[in-house]
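K.L.:
This is the structure I have questions about; it appears just below.
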Amino acid sequence: MAPDTECDLCGLGCGKHPLQQCIGEADRFFCCLGCMNVYLILWESGAICAGQDIRQTELFQRSLQLGLISNRAPQKTNSDRTVHAAGSATEELLLHVTGMWCTSCAWLIDHALAAIPGVVQSEASFASDLVKVQYHPQILPPERILSRIASLGYKAQEHTGDTDTADLERRDLLIRTGLAAFLWANIMSLSLVLYAGYFEQISAGVRHGLPFVLMVLATPVVFYCAQPVLRLAVRGLLNRTIRMEALLALGILAAYGYSVVQTFRGEIHLYFDTATIIVTLVLAGKLIERGAKEKASRWIALLHRMMPNKVRLLARGAERFVSIDALEPGTIFVVKAGERIPADGLVVEGESHTDESLLTGESVPVGKGVGDALAAGSINLDGVLSIRATRRAADSTLARIIALVEHALSSRSELERAVDRVARIFVPCVMLLAFLTFLLTWILGASGLGQSLMRGITVLVIACPCALGMATPLAITAALGSASRQGVLVRDSRVLETLQNVDTVILDKTGTVTEGKFSFLELIPSQIHQQAVLAGAEANAFSSEEFQPSWHSGSPASSDEALQLLASIEQYSEHPLGKAVGEYARQQGTRIREASDLEIHKGRGITGVVDRKPVFAGNRRLVSELGVSIDEGSERIARSWQLQGKTVAYVGWNQEVHAVAAFGDKLKPEATEVAAELQRRGIDVRLLSGDSQATTKWTAACLGIESCEAEVLPEEKAEAVRWLQGGGAVVAMVGDGINDAPALAQSDLGIAMGSGTDIAMKAAAVVLMGGSLRKILDVVDLSQKTNRVVHQNLFWAFFYNTVGITLAVAGLLNPIMAAGAMLLSSLSVAGNSMRLANSKSNPAFSAANLR
């Protein structure tokens with residue numbers, strides 16, 4: 001069959017193994033199972049027999065939109081750029097790839113996938129073994145992506161968090177390393193006999209037979225233990241890429257091949273021990289490197305294990321377990337003490353405490369009762385909770401966290417890409433240098449053929465850029481894990497680079513530097529009330545009778561009587577002010593009395609009768625309508641609060657104002673400290689808000705921020721970010737609401753509060769779980785430390801290669817020493833990077849110090 005056979009439905013090439021089906025007494029060929037099934041349906045419906053254009057049928061178009069069938073390859077413009085159908089949907093595929101040995105592997109996969117029509121973007125991460133592919137399902141079936149990766153010599157499967165494949169790969173590497181080490185030890189022991197032949201006579205049988213024994217022992221080491229190295233080197237050459245493995249493969253095969261020739265010539269100058277020690281140390285280095293990678297990315301596996309597979313439902317009074325995938329919003333499920341909450345929901349029955357440290361990084365138990373929200377992944381510590389699911393498990397908070405960190409793991413920083421470009425140039429240059437070293441030392445007669453070959457092999461081995469390749473990705477992976485444990489979710493690894501360049505931070509007000517919750521702030525008795533209390537105290541000193549306040553007298557009351565009466569009439573109100581008063585009164589343990597004759601005055605306040613007292617609470621308009629005068633002290637307090645942007649209510653009874661109450665939002669306890677610390681670090685901090693001028697200016701003054709803008713619309717926030725960027729500033733925007741999403745997306749770095757809206761979190765590159773502002777400082781510190789570790793790794797990797805190559809060319813190193821030095825270099829980079837995995841938040845900004 002011709003290799004260019006086209007699919008009878010979509011018109012794409014069918015490849016080497018097309019699907020063949022006899023339809024209508026004729027053989028039809030298809031590129032995939034989806035195309036074949038759609039063609040069969042169209043045939044049975046009579047559309048094909050009727051002569052219709054099958055690509056214009058509703059079934060074909062719908063199947064195309066759903067990605068069930070393939071589409072023709074996109075057209076190319078004169079600039080050779082791919083043009084896709086307008087509005088065509090894209091999907092993202094996250095793959096776990098085994099067999100990646102270095103950053104060159106990641107580059108090769110990226111390069112190969114980018115050449116496939118239908119692929120929009122691909123990013124392969126060597127540190128996490130993840131490949132993220134954005135593609136057009138109408139053009140490209142995902143099976144072709146998997147087959148293309150397989151053709152490069154790697155095994156790919158959709159990432160599910162299952163570590164079985166990685167465990168098998170590690171076990172295989174361990175077996176190869178152990179076998180190589182065992183056989184190398186035997187080869188070295190037997191080689192001592194041949195080495196002795198340099199100084200004294202050995203028998204002819206041993207002299208001629210022992211080299212063949214050494215060859216037999218070395219062969220499995222070279223062709224089985226080193227098979228991953230040789231396979232990747234060959235695959236690279238087939239794809240016209242000279243990789244790091246090519247250096248090692250050339251060195252190993254040169255030492256082994258030379259020794260085989262010498263064996264058949266009857267010589268005893270053999271280098272089987274050199275070939276096998278290179279293999280052993282390279283595999284040992286890869287084993288250590290894999291352990292470091294697994295430790296750095298272990299947290300993502302832990303997150304997957306936190307996802308429960310079953311959920312307990314109550315059906316007709318009996319408990320039964322069902323798959324978590326079957327849980328729908330609105331379903332009520334039960335979680336007992338010690339169990340992990342499987343899905344987001346609201347408590348409908350029961351009280352308990354939960355451990356949300358997985359989500360927020362804070363280990364303090366959080367009390368939960370009826371009506372409180374619960375997040376998937378947190379642990380129920382005590383009590384039994386009945387919970388109504390608000391989201392499917394696949395859309396839960398924990399599932400979204402996993403998606404975010406997987407997205408970050410599969411992304412690559414600009415520094416990492418730059419190092420990869422250097423490594424791709426570096427490897428061919430090293431091969432040329434090794435060849436010239438061998439050739440010149442041999443031609444010039446500085447040493448014999450064997451010694452010249454060893455010097456060239458030493459250059460190949462010492463220059464292998466293992467440490468250089470893992471310097472950046474391993475450090476970034478470890479940093480992402482540390483950030484996640486501190487309750488900071490990083491969507492893209494490039495954030496760690498951007499953070500160190502940020503010179504301007506814009507803070508949203510409501511919900512970011514404030515609690516974002518309308519609450520009862522303060523209640524101050526009026527002068528009349530204070531005088532009445534004092535007069536009552538004096539009267540009680542001269543009377544043995546208990547003082548009885550009268551209905552009309554405006555007589556004194558206890559110090560919290562105003563709060564008690566206010567809560568008594570507001571308990572029936574649905575207004576946010578009423579709810580705030582009720583919540584505060586309950587927290588204070590205030591006894592709330594029954595009220596009668598309640599009347600809601602829309603936009604003004606509420607009146608009622610409590611214990612025969614006519615009580616009112618409202619704004620200035622209500623007080624004026626009731627004919628009540630406001631004393632000078634209460635007026636002064638009210639004006640002061642209003643300048644701070646607080647809502648003021650006058651509270652009174654018996655035709656007198658007895659107290660003034662303030663309502664509003666509270667500043668977060670750590671907000672002032674965080675703003676001051678950012679400014680101390682030389683960062684320009686600004687405040688943007690859609691709130692009034694008075695409220696915004698007062699908030700900025702409390703935070704010590706000089707620059708603020710009030711009454712800003714969402715699109716104006718984004719415009720403010722653009723204006724700052726136009727002046728050369730690198731801007732980080734911190735927000736939590738829907739109105740912040742445009743600015744978060746426009747900024748160089750968007751930081752969303754985890755207590756905010758889904759839209760804000762989707763627009764931001766960093767999410768601070770738990771809503772604590774001090775995590776801004778944590779992530780800035782982590783970014784600085786990560787970049788410091790990366791630069792240290794790169795310095796030592798380049799220093800090691802420069803010094804090592806110089807010594808190898810000069811003949812001061814042998815291949816065994818070179819392999820050992822390569823192992824030590826990888827160990828130093830891995831150990832330095834693992835310091836990030838143990839990073840803790842700055843103790844100077846702990847919760848205790850910010851209270």
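K.L.:
Kindly report the accessible area of segment 763-832 per residue (heavy atoms of protein chains, probe 1.4 Å, no ligands, DNA or RNA), in Å². Mind showing how you got there, number by number?
P.N.:
Numbers: 2570 Å² over 70 residues.
Value returned for segment 763-832: 37 Å² of accessible area per residue.
K.L.:
Leaving ligands, DNA and RNA out of it, work out the accessible area of L643 with a 1.4 Å probe and give it in Å² to the nearest 10.
P.N.:
Result for L643: roughly 130 Å² accessible.
K.L.:
A follow-up question, please. At R0 = 41 Å, how high is the FRET efficiency between K517 and Q655 if r is their beta carbon distance? Nearest 0.05 is fine.
P.N.:
Working: r = 34 Å, r/R0 = 0.83.
Working from the Cβ atoms, E equals 0.75.
K.L.:
Rounded to whole Å, give me the distance from the Cα center of segment 483-517 to that of segment 592-647.
P.N.:
41
K.L.:
Bins of 5 Å, beginning at zero and ending with the bin holding the largest distance: percent of Cα pairs per bin for segment 429-486, please.
P.N.:
Reading the bins upward from 0: 4, 18, 18, 12, 9, 7, 8, 7, 6, 5, 4, 2, 0.
K.L.:
Calculate one ³J(HN,Hα) per residue across segment 176-182 by plugging θ = phi - 60° into the Karplus curve 6.51 cos²θ - 1.76 cosθ + 1.60, and present them in order as whole Hz with x for glycine and proline.
P.N.:
So the Karplus estimates, Gly and Pro as x, are 4, 5, x, 5, 4, 5, 5 Hz.
K.L.:
Leaving out ligands, DNA and RNA, what percent of the accessible area of segment 686-738 is carbon and sulfur, probe 1.4 Å?
P.N.:
Details: 1300 of 2440 Å².
Using a 1.4 Å probe with all protein chains present, segment 686-738 comes out at 53 percent carbon and sulfur.
K.L.:
So for Y258, Y572, Y135, what's the accessible-area order with a 1.4 Å probe, most first? It would help to have the intermediate numbers written out before the result.
P.N.:
Working: Y258 40, Y572 100, Y135 10 Å².
From most exposed to least exposed: Y572, Y258, Y135.
K.L.:
Sort H111, H353, H159 by accessible area with a 1.4 Å probe, largest first. Intermediate results must be reported in sequence, preceding the final value.
P.N.:
On the way: H111 105, H353 80, H159 40 Å².
Listed by decreasing accessible area, they come as H111, H353, H159.
K.L.:
D167: accessible area at probe 1.4 Å, nearest 10 Å²?
P.N.:
50
K.L.:
For a quick check: with amide H placed at 1.01 Å from N, whose amide H comes under 5 Å from L140's, ignoring anything fewer than 5 positions away on the same chain?
P.N.:
N71
K.L.:
Provide the gained length on full extension for the span R681 to K666, in nm with one decimal, where the gain is 0.36 nm per separating residue minus the Cα-Cα distance. Intermediate results must be reported in sequence, preceding the final value.
P.N.:
Values: separation 15, 0.36 × 15 = 5.40 nm, distance 2.58 nm.
Result: 2.8 nm gained on full extension.
K.L.:
Along segment 590-598, what does the Karplus equation 6.51 cos²θ - 1.76 cosθ + 1.60 (θ = phi - 60°) give for ³J(HN,Hα), rounded to whole Hz, x for Gly and Pro?
P.N.:
Each residue's phi maps through the Karplus curve to give 6, 7, 9, 9, 6, 10, 9, 6, 6 Hz.
K.L.:
Right, next: Towards the positive end of the charge dipole of segment 567-726, with charges on Cβ (+1 Lys, Arg; -1 Asp, Glu), say which of I637, L688, A595 has the farthest Cα.
P.N.:
A595
K.L.:
Can you list residues whose amide H is under 5 Å from K310's amide H, if they're 5+ apart or on another chain and H is modeled 1.01 Å from N?
P.N.:
Excluding prolines and chain starts, which carry no amide H, the hits are I324.
K.L.:
Specify the inter-centroid distance of segment 202-242 and segment 789-816, based on alpha-carbon positions, in whole Å.
P.N.:
Result: 26 Å between the Cα centres.
K.L.:
Something else: Over segment 368-407, what percent of the accessible surface lies on carbon and sulfur atoms, probe 1.4 Å?
P.N.:
Details: 780 of 1430 Å².
Using a 1.4 Å probe with all protein chains present, segment 368-407 comes out at 55 percent carbon and sulfur.
K.L.:
Return the subset of K310/K775; K646/K668; K368/K646; K310/K336; K602/K666 for which the Cα-Cα distance in this structure is over 23 Å, preserving the input order. If you can, show how the numbers build up before the last one.
P.N.:
On the way: K310/K775 33 Å; K646/K668 16 Å; K368/K646 30 Å; K310/K336 13 Å; K602/K666 26 Å.
Those over the limit are K310/K775; K368/K646; K602/K666.
K.L.:
Further question: Please report the accessible area of W107 (heavy atoms, 1.4 Å probe, ligands and nucleic acids excluded) in Å², nearest 10.
P.N.:
Accessible area, nearest 10 Å²: 60 Å².
K.L.:
Still on this structure, I have one more. What is the magnitude of the charge dipole of segment 573-620 about its Cα centre, with +1 placed on the Cβ of each Lys and Arg, -1 on the Cβ of each Asp and Glu, and no other charges, expressed in debye to the nearest 20? Please report the intermediate quantities before stating the final value.
P.N.:
Working: 9 positive and 6 negative charges, 33 e Å.
Value, rounded to 20: 160 debye.
K.L.:
Let me ask something else. Please work out whether segment 608-763 counts as rounded, prolate or oblate from its C-alpha gyration tensor, where a ≥ b ≥ c are the square roots of the eigenvalues and a/c under 1.5 means rounded, while otherwise a/b larger than b/c means prolate and anything else oblate? Please list the in-between numbers first.
P.N.:
Numbers: a/c = 2.97, a/b = 2.46, b/c = 1.21.
Here segment 608-763 falls in the prolate category.
K.L.:
Which whole-number value in Å² is the accessible area per residue of segment 574-630, probe 1.4 Å?
P.N.:
Details: 3500 Å² over 57 residues.
Accessible surface, normalised per residue, equals 61 Å².
K.L.:
Another question, then. Taking 0.36 nm per residue of sequence separation and subtracting the Cα-Cα distance, how much length would be gained by fully extending the chain between A394 and A115, in nm to one decimal? Before the final figure, lay out each step's value.
P.N.:
Values: separation 279, 0.36 × 279 = 100.44 nm, distance 3.24 nm.
Extending this stretch completely gives an extra 97.2 nm.
K.L.:
Between L444 and D597, 0.36 nm times their residue separation minus their Cα-Cα distance comes to what?
P.N.:
On the way: separation 153, 0.36 × 153 = 55.08 nm, distance 11.30 nm.
Extra length from L444 to D597 when fully extended: 43.8 nm.
K.L.:
Moving to a separate point now. Calculate one ³J(HN,Hα) per residue across segment 717-724 by plugging θ = phi - 60° into the Karplus curve 6.51 cos²θ - 1.76 cosθ + 1.60, and present them in order as whole Hz with x for glycine and proline.
P.N.:
5, 5, 5, 5, 5, 4, 5, 5
K.L.:
If you don't mind, another one. What part of the accessible area of segment 581-628, given as a whole %, is carbon or sulfur when the probe is 1.4 angstrom?
P.N.:
Carbon and sulfur: 43 percent of the exposed surface of segment 581-628.
K.L.:
Can you list residues whose amide H is under 5 Å from L521's amide H, if they're 5+ apart or on another chain and H is modeled 1.01 Å from N?
P.N.:
Under 5 Å from the amide H of L521 lie the amide H atoms of A662, F663, G664, each far enough along the sequence or on another chain.
The values are calculated or read from the model by the stated rules, or taken from the named source; none is laboratory data. Small disclaimer: the values here were computed from a predicted structure and weren't measured. Glycine also receives a Cβ, built like all others from the backbone with ideal geometry; neighbour counts cover every protein chain displayed. When the accessible area is computed, the model is the full protein with side chains, heavy atoms only, and any ligands, DNA or RNA have been set aside. Shrake-Rupley method; radii C 1.70, N 1.55, O 1.52, S 1.80 Å.
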